[in-house]
Amino acid sequence: MTTRKTLILTTAIALCATGTVAQDVTLTIESWRNDDITIWRNQIIPAFEAAHDGISLDFQPMAPAQYNSALNSKLDAGTAGDIITCRAFDASLQLFERGQLADLTDLDGMANYSDVARSAWSTDDGAQTFCVPVASVIHGFIYNAEIFAELGLEVPTTEDEFFAVLDAIEADGSYIPMAMGINDQWEAATMGYANIGVNFWNGEDGRAALIAGESRLTDDAWVEPFRQLARWSTYLGRGFESQSYPDSQNLFTLGRAAIYPAGSWEIAGFREQADFEMGAFPPPVPAGTDGCFISDHTDMGIGLNAASPNQEAGRIFLEWLSSDEFANLFANAVPGFFPLSSAEVTLEDPLAQEFLGWREQCESTIRPFHQIVSRGTPNLSNESWTAAANVMRGTWTPEEAGEALQSGLSSWYEPHQ
Amino acid sequence: MPTARTPRRPIRWHIAVFLAPAVLIYTAIMIIPLFGTLNLSLFTRGEGGTREFNGLANFATLFGDPRWSGAFWNATWNNLWFFIIHMLVQNPIGIALAAILSSPRLRFAAFYRTAIFIPAILSFVIVGFVWKLILSPLWGVAPTFMDTLGIGNWFAPWLGLERSALTTLALISVWQFVGIPLMLIYAALLSIPDEVLEAAEMDGITGASQFWKIKLPLILPTIGIISILTFVGNFNAFDLIYVTQGALAGPNYATDILGSFLFRTFFGFQLQLGDPHMGATVATVMFFIILAGVSLYLFGVQTRLRRYQF
């Protein structure tokens, strides 16, 4: 008798439980931004959940280096979350072509984004978009304003002024002129080559010419940035060959180095670590050029797993992502990741505002090897890491680096054959 | 003539029953994946993501394409150098330390034994991180220490230079694992009966010559086992390289060994997407390299080793 009662009771409870589950949807978010976990949990998720009853979010980030391969395996196995944070360009495009990301072209919020912003998550012809553009990162140089004041240095705007400043810091001898290492290799390519190169290959024009096969990596426009990097190595600290990325960050935030070739994503971390005044300047322009360019790289989008059972709720979340509310919330919560939507955003952080202000003065472009030209093996983007580090170490001359990259690209990319 | 009927021997089920768990588990987690890998290396991803059979074409690419074969042979030679350093440094030091530790007159032997063995139980992540810090040109102990000794000019950012990075990593690995040969040799030395050593002493063989003439020949089989363990371990190594130098095995692929090459190929890296089929091809070649090394030892060396029964 009692057994039956218990059984009925249990069944009833179980039924109630499933009833509530059917109404409440939890969206799991896949991301590589494990640095942002507290920002999502404390600011973004509560803001969304407060406005949307019945939908809760679960932010599940992993280590950046593992993200692409792990996400691919999870999508293949059908165990990936509902919401997918999208890498820019080919990695996500492939997922879309395999039918693993939902088509979001008809999302109302898409109207808030420019074509350039959408390009990173659109098909090559631009007809279909599959991720909501969320953030871009801007390259430039962050400097220690106290050291600059102490040594009486002006913020450089041209290449000659830039090297004059570096010479002055070196001559003084109290500080390392520039904090950068090549042990992890990617800094050399990303914060070095892609950062300063934009002024040599003229931003989007040069990038388009490379994709079309009209310009070759052995041309001066692509080799000259390597020559600059080769000159940089005399201004880096002792043993920069085995200096890692965190080493460089610490050198700068401890006040031992004057200039840090940066991406805007550093801002939040530097704010926490450094107790001195910081300023920023865009990549110095070479003599005899007018206008300037910045690497304003579309870095992060957010899309919807096509196999997710919660398509409706997912779209509601994505619509919210494209709202002005999210753009302001995100931009101020993560200073240094700049929203790509046309929303009017005011940043409280002056350093972040400085970076953002360059969009008015200079033309934006993205990193040169991310779209189309890194589709084959060998992978041009990965090769450029090794090449830039080799040039700075002195293993290769700038010309050899250009030739190595060109021969790799020519081996599989038709417009260059 | 009445032929004595040989009684049919009962089928000895218990053998099968007792073997079954081991055979089943070993098959499930070793044999099937191994053949799965071999099988995967014979396919390629066709248009539209289908899997297509293409025979030995992956192997032809690996050995024939200048890029693939360049990377492969670079990794193989690096791996061989990694192994040679272990054989030349780790094992002789292990044997020497074991010989010293087994000396009955040594005090605090248990302490030394433990201290030397401790790195072997540490995680690669810790070892890699600690050594990266020690050797760091910015905050490392090594440059400061060498400065106080007056040889600061000899310091170089070893992990960042092509000519020294691999050797440095190999020596770090030696530091970590020198306890393993030490323990095995130590045990072998202890198992040599006292009568043998006393007989040697009666004949006037003592001290160093006792080690070379009596003890070393007796522990040769153990040294053989250590060599083969080192070989298999080195050609499967990956962790230390990944932790200290990352998946691109910098500087300029100078520390790329077969394990890191396999990782990059199979799982991809950054913008490079993984290729399970080429990855399986590399894994298959690694399997055959290790198989060849082990066979060489088993048939070429071990059968000739003389064993002594006490």
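So the values come out like this:
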| item | result |
| --- | --- |
| Global geometry of region B:145-284, whether rounded, prolate or oblate, following the gyration tensor of its Cα atoms and the 1.5 cut on a/c | oblate |
| Cα pair distances exceeding 18 angstrom across region A:213-335, given as percent | 72 |
| Note, ³J(HN,Hα) from phi for region B:266-274, Karplus 6.51, -1.76, 1.60, rounded to Hz, x at Gly and Pro | 6, 9, x, 8, 6, 6, 7, 7, x |
| Total formal charge among the other residues, if their Cβ is under 15 angstrom from that of residue B:192, Lys/Arg +1 and Asp/Glu -1 | 0 |
| Shape call, the protein assembly as shown: gyration tensor on alpha carbons, a/c limit 1.5 | oblate |
| Estimated inter-spin distance, residue A:157 and residue B:196, nm [label 7 Å along Cα→Cβ] | 8.5 |
| Segments A:34-45, B:11-22, A:73-84 sorted - mean Cβ within 10 Å per residue, highest first | A:73-84, A:34-45, B:11-22 |
| Pair residue A:43, residue B:67: separation of 7 Å Cα→Cβ label points (nm) | 4.2 |
| Peptide-level mean, for B:62-72, of C-beta atoms on other protein chains within 10 Å | 1 |
| Inter-chain shielding of B:272-281 (mean C-beta neighbours from other protein chains, 10 Å cut-off) | 3 |
| Neighbourhood charge, 13 Å Cβ-Cβ cut-off, centred on residue A:369 and excluding it, Lys, Arg +1 and Asp, Glu -1 | +1 |
| Net charge, residue A:83 excluded, C-beta distance under 10 Å - Lys, Arg +1, Asp, Glu -1 | -3 |
| Dipole in debye (nearest 20) - region B:56-304, about Cα centre, beta carbon charges: Lys, Arg +1; Asp, Glu -1 | 160 |
| Globularity index of chain A, i.e. its alpha-carbon radius of gyration over 2.2 N^0.38 Å | 1.09 |
| Near-label residues of region A:101-141 by backbone N, under 16 Å of a point 7 Å along Cα→Cβ of residue A:319 | A:104-112, A:132 |
| Separation between Cα centres of region B:202-274 and region B:121-135, rounded to whole Å | 17 |
| Per-residue average of Cβ from other chains inside 10 Å of B:283-295 | 0 |
| Hits among aspartates and glutamates - C-alpha to C-alpha of residue B:213 under 19 Å, sequence gap 8 or more where chains match | B:194, B:195, B:198, B:201, B:203 |
| Chain B: most fluctuating residue of B:199, B:187, B:170 per GNM, C-alpha cutoff 10 Å | B:199 |
| Viscosity 1.567 mPa s, 4 °C: Kirkwood-radius Stokes-Einstein D of region A:64-125 over Cα pairs, µm²/s | 102 |
| Percentage relative contact order, chain B, counting C-alpha pairs under 8 Å, at least six apart | 24 |
| Ordering of B:100-108, B:75-83 by burial proxy (mean other Cβ atoms within 10 Å per residue, highest first) | B:75-83, B:100-108 |
| Ratio of Rg to Rh over region B:56-304 (Cα coordinates, Kirkwood Rh, two decimals) | 1.04 |
| Theoretical gain in end-to-end length, residue B:53 to residue B:229 [0.36 nm per residue, Cα-Cα removed] | 59.8 nm |
| Region B:223-263: equivalent-ellipsoid semi-axes (sqrt of 5 x gyration tensor eigenvalues, Cα, Å) | 23, 8, 8 |
| Value of relative contact order over chain A, rounded to a whole percent, pairs C-alpha under 8 Å and six or more apart | 25 |
| Distant alpha-carbon pairs in region A:171-240 (separation over 18 angstrom), percent | 45 |
| Cα-based helix-to-principal-axis angle, A:203-212 vs chain A, degrees rounded to 10 | 80 |
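Just so you know, all these numbers are worked out from the coordinates, no wet-lab data involved. Remember, predicted model here, so these are calculated numbers, not experimental data. Neighbour counts are summed over all protein chains in view; Cβ atoms, including those assigned to glycine, are modelled from backbone coordinates with ideal geometry.
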